[in-house]
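All remarks here apply to the structure that follows.
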Amino acid sequence: MNLLYNSFQLGKTTKLKNRIVMAPLTRCRAINNIPNQLMATYYQQRASAGLIISEGTSPSPNGLGYPRIPGAYSDEQINGWKEVAKAVHQENGKIFVQLMHTGRITAKINMPSEAVTLAPSSIQAAGEMFTETGMVAHEIPKAMTLQDIENTQNEFVNAATRLINEAGIDGVELHAANGYLMNQFMNPKSNQREDQYGGSIENRTRFVLETARKVANEIGSNKVGIRVSPYGAYNDMQPDYEALENTFIHLAKELALMDIAYIHIVDQRVAFGAPDFTTDIKKIIKENFKGNIISGGDVNTTKKAEAILNSGLDLVYVGRPFISNPDFIEKIQNEKELVAPDMDTFYSPGEKGYTDY
């Protein structure tokens, strides 16, 4: 039976028209970090997805690692997201905003002057960050104090609350993947703390779980998802370590107790060239979470999408094909040829390579 194009109940409040999820894609079109009409058009064009997960959106000036990424902490930003939500809802679509604090993956030039680069430990990430004027080394972060941790968690809560209550967004996704702040706490390479937020599995997952619980308590657990990237190496993470499997078992069990809407598992093997998994981690997370799991990677046909559902998962994410195929659902349903994206315009400002496909 073809489940892919059937409607799907995500949590108690969000009914999706199909099981295809538009994955979060950084596009760098938010001039002055404010969502704008161009972005509203872009998401509206792609609202045939069962669920849109927005590009990474910072809950704080401290989390604006990349140029022209949106925030969700000022009145102007919330008003911008209100227009995006309105545009998507006009097409009977659903949208969650992904809350992404970049932590140590940043460059000072990309941040407001008062912002501070924060991370679990004062360890500079290898690699470089792109800026309007070229590539630069990542900042050396300040190791977060307990007060910094509490402040940052409150920023996540405030952003989530405003997005739901004022902007009319359907839910939020907490970005605990791909080497950003939440992932930096979970990964032993970037977290070398010796207090209650470092060392053991319980301690390394504490920041993520506390933040998720606080957000869920404020907006409702059925409006909260979380994104993870087990075995991911992107942004200077350690892809495999002795406690990895048990780390994600613990995380999944604790998130199950909160009854959140979903766990979104990034498969970095395709888009990021990460090493192969040493365990069937998607299945392990599903067994311990028992709720909805989103996953994907290299999905460009109905058959590939159905294979993910047939493996026991619930929703299928699609990334880059949505960039250049706003009508992706219709195309794969009718086996039409997909347009290849122009990689040169992935992160450039303006409508070229954005709303003109």
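The values are calculated or read from the model by the stated rules, or taken from the named source; none is laboratory data. Please read these numbers as outputs of a predicted model, since none were measured by experiment. Glycine gets a Cβ as well: all are built from the backbone with ideal geometry, and neighbour counts include every protein chain shown.
Points worth noting:
- Candidates Asp267, Asp259, Asp276 - the one that is touching a Ser or Thr at 6+ places or on another chain (Cβ under 7 Å), acidic (Asp, Glu) and surrounded by fewer than 21 Cβ atoms within 10 Å (Cβ to Cβ): Asp259
- Screening Glu83, Glu55 for residues that are farther than 24 Å from Val228 by Cα and acidic (Asp, Glu) leaves exactly one candidate, Glu83.
- Selection status of Val270, at pLDDT below 95, out of contact with any His (no Cβ under 6 Å at 6 or more places or on another chain) and not in a loop (DSSP other than H, G, I, E, B): yes
- From Lys303, Lys286, residue being part of a helix (DSSP H, G or I), crowded, with 17+ Cβ neighbours inside 10 Å and among the basic types (Lys, Arg): Lys286
- Exactly one residue out of Lys86, Lys12, Lys108 is surrounded by fewer than 24 Cβ atoms within 10 Å (Cβ to Cβ) and free of Cβ contacts under 8 Å to residues at least 60 places away in the same chain: that is Lys108.
- Gly312 vs. criteria surrounded by 14 or more Cβ atoms within 10 Å (Cβ to Cβ) and of a type in the set (Gly, Ala, Ser): no
- Answer residue from the range 273-298, given it is hydrophobic (A, V, I, L, M, F, W, C) and at pLDDT below 95 and is farthest from Ala261 (Cα to Cα) among those: Ala274
- Residue tally, condition among the charged types (D, E, K, R), in contact (Cβ under 8 Å) with a residue 60 or more places away in the chain and over 21 Å from Val21 (Cα atoms), over the range 218-272: 2
- Unmet criterion (only one of (1) in contact with a Gly (Cβ under 9 Å, 6 or more places away or on another chain); (2) under 20 Å from Leu16 (Cβ atoms); (3) assigned to a helix (DSSP H, G or I)) for Lys82: (2)
- Top-ranked residue of the range 322-348 - restricted to ones that are touching a helix residue (DSSP H, G or I) at 6+ places or on another chain (Cβ under 8 Å) and under 19 Å from Pro24 (Cβ atoms), ranked as surrounded by the most Cβ atoms within 10 Å (Cβ to Cβ): Phe322
- Those residues of the range 125-160 which are part of a loop (DSSP other than H, G, I, E, B), loosely packed, with under 15 Cβ neighbours inside 10 Å and not hydrophobic (A, V, I, L, M, F, W, C), in sequence order: Gly127, Glu132, Thr133, Thr145
- Within the range 220-230, the only residue that satisfies the criterion of being part of a loop (DSSP other than H, G, I, E, B) and either touching a Leu at 6+ places or on another chain (Cβ under 6 Å) or surrounded by fewer than 24 Cβ atoms within 10 Å (Cβ to Cβ) (or both) is Gly220.
- Within the range 291-349, the only residue that satisfies the criterion of being more than 25 Å from Glu91 (Cα to Cα), out of contact with any strand residue (DSSP E or B) (no Cβ under 9 Å at 6 or more places or on another chain) and of a type in the set (Val, Ile, Thr) is Thr345.
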